[in-house]
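Participant: Would you mind keeping the following structure in view while I ask a few things?
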Amino acid sequence: MSSYDKLIFELSQPGRIGFTLADEEFSNVDYNQFFNEDELRTSELDFPEINETEVVRHYTALSNLNFGVDTGFYPLGSCTMKYNPKINEEIAGNPKFSHIHPEQPIEDVQGTLNLMYDCSEALAEITGMDAISLQPAAGSHGELTGLMIMKAYHLSRGDHHRVNIIVPDSAHGTNPASANMSGFNTVEIKSKANGAVDVEALKAAIDENFAGLMLTNPSTLGLFERNIEEITKIVHEAGGLLYYDGANMNAIMSQVRPGDMGFDIIHLNLHKTFSTPHGGGGPGAGPIGVKARLEKFLPFPVLEKQEEKFVLNYDRPDSIGKIKNYYGNIGIVTRAYTYILRMGRDGLKRASEVAVLNANYMQKRLKAHYHLPIDELCKHEFVLSGNFGLTHGINTIDIAKRLLDFGFHPPTIYFPLIIDQAMMVEPTETESLQSMDKFIDAMIKIRGEIDTDPDILHTAPNTTHISRIDEVEAARNPIIRYMKEEA
Amino acid sequence: MFPYIPVSKNDEKHMLDIIGVGNIDDLFVDIPENVRFRGELKLPLQKSEIEIRQIMNGYASKNISASDKLCFLGDGTYDSYIPSIVPYLTSRSEFSTAYTPYQPEISQGTLHGIFEFQSLVCNLTDMDASNASMYDGPTAAAEAALMAFDKSKGNTFAIASTVNQNTIDVITTYLKYRNHEVLIIDQKDLRADLEDFKAKASKDLVGVLVQSPNRYGYLEDVKGFVEIANENKAIGVMYADPSSLALLKTPGELGVDVVVGDMQQFGNAMNFGGPHIGFMAATAKLMRKLPGRIAGQAKDRRGNRAFVLTLQAREQHIRRDKAASNICSNQALNALSSTIYMSLLGKTGLKELAINNTSKAHYLHDVLIKTGSFEKVSNGNFYREFVLRSKVDVKTLNEHLNKNNILSLKVVGTDLVQFTVTENRTKSELDYLIQVVEGL
C-alpha cells in the first residue's frame, strides 16, 4: 500500500472551487433582506477550497489505504463478511427506488411498499416468525426495538416488576447495552466450560423479576445450543420471553428456524446474512421478527395489504411507537431482497451449508497448530486462543498484526470475552478452498515464527503503510478534529 | 453451483474428508431433531441476474419517483442535487465492502474519512466534538436526550411542538420505557412559544430540544430556549438543517450544548427515508458523553500521523451495560458521502448553495401569494421551507398538481400546505409550478 496522509484541509488553495450551481442570479441575491441581523452567521466557514479533480484524487488515494471484502479474505468473526453482489447496488441505485421522498403519498410508492411486504414475508419464512418490522436501522437498533416490545408485553400484563434480562457472558456487548437502554437490568450468567448456556445457572438467575433471556444461537463461539428446547421451556415457564440475536443467522438458514426453536423476538442483520455491504461501519439494517401475540407492539406504521393495495397503518394503540425516521433503511432492504431472490430457497440453504463446511474445515486444519479451547463441531465460526504462555510474550494482537503482512484481514480478536486471547474466525460461504488454504498456510507459518522469530510478530505489521498505533496516547489526549496550525 | 459460492462438489468432498464426516448433514447433527427444519422454505428457486433485473424493475415501475414528477417536499429529507463524484467515489469497494475500522493499519481510508467528517461537522456547527454519525436525525435527537438524562438528575426532557413529528415520536419511544417524561412546548405563529417554556421549565428539566428552521421552515429563538434551559441546569439541544448553517447563526454561536440533525441532503439519495445519516456534535465538556464511534489522530510507532477509533471506553463493546449507548454500526458510508460533498462544495460553494436555496424559496413564496391562490400564515423568517394557506381545497390542489407532473405537497393543516425549495429546483421549474397553480 502506498503512503498518503494528507487531510482535505491541507490541500486547500484560496480561490479554487469544486462545484457550480444553476441560476447564478439566485446565488448573488442580498440575503440580508430575508433575515434579522442577529440571525446570521458571523463565524468563518472554514471549509477547504478545492477543485473537483483534486477531491477525486484525494478520496481515491484514501480508498487505497483501505481493505474490504473485494480486496481479500476478511474472516472477521460475528460480522459475516461475505461477498456483496454488485447487482444489489445497481438495483437499489435505480432512481425509481432511490429517488423517492418518504412523504410521498402511498399511491406513488406501491412498488416499494410491495417490495417491503414481499421481503418481510421472505424474512418471516426464513426465520419462522409471524410478523416483521423493517424499521430498525442496524442490529443493535433491532435489539433495542425488540427489548422495548418485551417491555411493552410485560407492562401490558401488569408485570411492572419484570425488569431483569439475563444475558450469557459470551454475548455481544450490544446485548447488555441494549437492555440498559430499554430500561431493563442486565443479569449476566456464566457459560459452561464448553461455552454452552449453563442451565443450572440460568435457573438460579431466574426470579420473580425475570423478563427474558437474550441468546445468540449458534453462540458467539460458533456452537449450536444443544439444550435449546430445555432453555425455551425454562424461560417460558418462568413467564419470560426469549430474544434471538440474529448476528449468526448465516449458519442455519433452512436448517433450523428461530421461530421453531421457540424464540419470541428476533433481529436480523441484513448487512451480515443478506449480503449488503458493510460500508466501513454502516449503513446496515436490523429488521425484527415477532410471534403473533407480540405483533400489536411492533413500531408504527405497520405495512398491510388491503386487497390489491399496500397501506401504512398508523392506528396502532399498543405499538411501542416510532423507533426511526420513516420506515427503515429501505435502500438496504432493497439490496437484501435482491439477494434473497437471486439465491432462492436452494441458494440460501447452500449458503449456510458451505458457511458451516468452510468453518469446520478451517477449524480442523488450524487446531493442529493452535489451541482450540472448545473442540467440537462448529457452525459458521470458531474461536482459537492466542495464549502461548509467557515464553515469547506473544499475544493475539501480535498474530493479528502479523496476518496483515500476509495480506489478510485478521479474525475478530479478544471476543468473545470468555475465551482467553480469543481469535474468532468466520470464513463465510463465499470463500474458496484455495483462499482458505492460503490463510491457513499463513497461520501455520506464523505459528512457526512464534517459536523461531517472535520479534517479527512484535514489530508487525511491517508491510502496511503505517505501523501499530499508540491508542492509549490517542485516548489520553484526544485530537478528534482538524485545527489549522497557528502561524 | 451458485455464482457467489465458489466451493465445488470436489472441494466439498475434500473438505468433508479432512473434517472426517461423510456428508454435509453430519455437520448439523448438533441441532436437536425436534426443532430441525426438514421441509423446504416457501421461496422460489435461485434466479439468474437477467431474471432478477426483470423482477426488480417490475417493482420499480410501480413507483412514481421525484425523477418522474417535480418535488417540493422537505420535512428533513431534501431533493438536493448529488454531484456525480459522490456516488462514484463511495462505490469504490475499498470503502463500501470494509467494516468498522478495528484494524487501523488497513483501515486508514475509512478512519481518515471519519476524521474529516468530524472536522467538517465541527466547523459547520462551531462545536468542539462530533461523532462518526448516527442512524438519522431523529435517532440522533433521541441519543441527545439520553445524554441530557445522563448528565442531570431531573426527569423531564422538553421538546418544542415545532420539531418534526417523527423526531418527537422517536424521542418519546426512546424515553418512555426508562420512565422519563417528555414535555411539549406550545407554538404560536408556527414557532415555539418561549413564554410557554418559561412557565413550564423547572428544576426537573434535563434538556430542551428546539429545531431551527423548524418543521414548518421558520427560524426559532434558539438562544432564548437554551438560556432558560441552562438557568435550570439543563442542556440546550438544537436540531439543525445543515445547509442553512452556512448562512445562519451556528449552534456554537447560539450557545447550544448539543446539535443534531440529518445530512441526507449532503450527497445522499432520499431512499424513501433511509439510509440517511444523522450527525451529532457537542461542546468539549460533553465530549466523553457522546454516543457512537469517534476517530482520533494518533501516531504510529514510526512517528507517522495516523487515525484510530478513540475514546472507546464510552462504547458497548467495552462498557457493555454501562455504555453511553448501544450503537455499533452507524451510517459510515453515508457519512463518507457527506464528507466528499462538503469538501467538494467547499468554503464558497456551500454558502452559495444556501443563498441559492433561500432566495429561490423567497421568490416562489412571493409569487405564489401574488397569484391570489395562497395567503401568508406566519410572520416568521424562513430559510427554504414555508407554509401557506391555500384558498383552493388542498385535495383539489394536489390532484391538479399531480395531473401536471408535480408531486403532492405536504398538507400541514386543513387548508395549510408546505413548499420546500432546494437548489435542485431550477428557475424554470419554479415558474412551471406557478403557471400550473395559475391554471387552477
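Participant: Which loop-located trypsin sites (Lys or Arg not before Pro) does segment B:213-296 contain, where loop means any DSSP state but H, G, I, E or B and the Cβ has at most 11 other Cβ atoms within 10 Å?
Facilitator: Passing both the DSSP loop test and the Cβ count: no residue.
Participant: On to the next question. Please check chain B for the longest run free of GluC sites (Glu not before Pro) that are loop-located per DSSP (anything but H, G, I, E, B) and have at most 16 other Cβ atoms within 10 Å.
Facilitator: B:41-440
Participant: Just to confirm, what accessible area per residue do you get for segment B:349-438 at 1.4 Å probe, in whole Å²?
Facilitator: 37 Å²
Participant: Ok, one more. Work out the FRET efficiency for residue B:184 and residue A:40 from their Cβ-Cβ distance, taking R0 = 25 Å, and round it to the nearest 0.05.
Facilitator: Once rounded, the FRET efficiency stands at 0.25.
Participant: For segment A:247-338, which chymotrypsin sites (Phe, Trp or Tyr not before Pro) are in a loop by DSSP, counting at most 14 other Cβ atoms within 10 Å?
Facilitator: Sparse-neighbourhood loop chymotrypsin sites (Phe, Trp or Tyr not before Pro): A:314.
Participant: List the relative contact order of segment B:293-440 as a percent without decimals, with contacts defined as Cα pairs under 8 Å and 6+ residues apart.
Facilitator: 16 percent
Participant: Looking at segment B:333-440, I'd like the Rg to Rh ratio, where Rg is from alpha-carbon atoms and Rh is Kirkwood's inverse mean 1/r.
Facilitator: My calculation puts Rg/Rh at 1.04.
Participant: Right, another one. Please list A:413-422, A:236-245, A:126-135 highest first by mean number of surrounding beta-carbon atoms within 10 Å per residue.
Facilitator: So the order, starting with the most tightly packed, is A:126-135, A:236-245, A:413-422.
Participant: Using a basic spin-label model with each label point 7 Å from the Cα along Cα→Cβ, how many nm lie between residue B:392 and residue B:67?
Facilitator: 2.9 nm
Participant: Under DSSP H, which helices of chain B have Cα atoms covering 24 Å or more of the helix axis and a Kyte-Doolittle average no less than -0.5?
Facilitator: B:108-125, B:332-370
Participant: Which value, in debye to the nearest 20, gives the size of the charge dipole of segment A:1-85 about its Cα centre, when Lys and Arg are +1 and Asp and Glu are -1 at the Cβ?
Facilitator: 880 debye
Participant: Just check segment B:143-234 against the gyration tensor rule for me: Cα atoms, a ≥ b ≥ c as the square roots of the eigenvalues, rounded for a/c under 1.5, and otherwise prolate or oblate depending on whether a/b exceeds b/c.
Facilitator: oblate
Participant: Across the residues of A:251-258, average count of Cβ atoms on other protein chains within 10 Å?
Facilitator: Mean partner-chain Cβ count within 10 Å for A:251-258: 4.
Participant: Residues of B:210-222, mean number of Cβ from any other protein chain within 10 Å of their own Cβ, rounded to a whole number?
Facilitator: 1
Participant: Tell me the relative contact order for segment A:330-487 as a rounded percent, counting alpha carbon contacts under 8 Å between residues six or more apart.
Facilitator: 22 percent
Participant: For a test of the definition: using alpha carbon positions, the gyration tensor, and the 1.5 limit on a/c, classify segment B:85-340 as rounded, prolate or oblate.
Facilitator: prolate
Participant: Just to be sure I understand: if you take the accessible area of chain B alone plus chain A alone and subtract the pair, with a 1.4 Å probe, what total do you get in Å², rounded to 100?
Facilitator: Buried area between the two chains comes out at roughly 17800 Å².
Participant: Using a Förster radius of 56 Å, what is the FRET efficiency between residue A:438 and residue B:155 based on their Cβ-Cβ separation? Nearest 0.05, please.
Facilitator: After rounding to 0.05, the efficiency reads 0.45.
Participant: Given the C-alpha centroids of segment B:321-363 and segment B:7-63, what is the distance between them in whole angstrom?
Facilitator: Using only Cα atoms to place each centre, the spacing works out to 41 Å.
Participant: Mean separation of Cα pairs under 8 Å and 6+ residues apart, divided by the residue count of chain A: what relative contact order is that in percent?
Facilitator: Value for chain A: 18 percent.
Participant: Quick one: check the C-alpha center-to-center distance for segment A:255-292 versus segment B:93-164, whole angstrom.
Facilitator: 24 Å
Participant: Which whole number gives the average, over all residues in B:286-297, of C-beta atoms from other chains lying within 10 Å of the residue C-beta?
Facilitator: Neighbouring Cβ atoms belonging to other protein chains average 3 per residue here.
Participant: While we're on this one: Filter the GluC sites (Glu not before Pro) in segment A:422-487 to those in DSSP coil with at most 14 other Cβ atoms within 10 Å of their Cβ, and list the result.
Facilitator: Sparse-neighbourhood loop GluC sites (Glu not before Pro): A:485, A:486.
Participant: Shifting gears a bit: Counting only heavy atoms of protein chains, what accessible area per residue, in Å², does segment A:191-336 have with a probe of 1.4 Å?
Facilitator: 27 Å²
Participant: Is the shape of the protein assembly as shown rounded, prolate or oblate, going by the alpha carbon gyration tensor and its root eigenvalues a ≥ b ≥ c, with a/c under 1.5 for rounded and a/b larger than b/c for prolate?
Facilitator: It is prolate, given that a/c is not under 1.5 and a/b is the larger ratio.
Participant: Once neighbouring chains are kept in place and the probe is 1.4 Å, which whole percent of the accessible area of segment A:8-63 is contributed by carbon and sulfur?
Facilitator: The nonpolar share, carbon plus sulfur, comes to 42 percent.
Participant: With a Förster radius of 30 Å, plug the Cβ-Cβ distance of residue B:322 and residue B:88 into 1/(1 + (r/R0)^6) and report the FRET value to the nearest 0.05.
Facilitator: So the FRET efficiency works out to roughly 0.10.
Participant: Accessible area drop of at least 30 Å² (1.4 Å probe, protein heavy atoms): which residues of segment B:256-271 qualify, relative to the chain alone?
Facilitator: B:270, B:271
Participant: Keeping the other protein chains in place, figure out the carbon and sulfur percent of the accessible area of segment A:352-473, with a 1.4 Å probe.
Facilitator: That fraction is 52 percent.
The values are calculated or read from the model by the stated rules, or taken from the named source; none is laboratory data. What you see is a predicted model, and the numbers here were worked out from it, not measured in a lab. Because the Cβ atoms are built from the backbone with ideal geometry, glycine has one as well, and the counts that use them run over all protein chains shown. Ligands, DNA and RNA are excluded from the accessible area calculation, which covers all protein heavy atoms including side chains. Shrake-Rupley method; radii C 1.70, N 1.55, O 1.52, S 1.80 Å.
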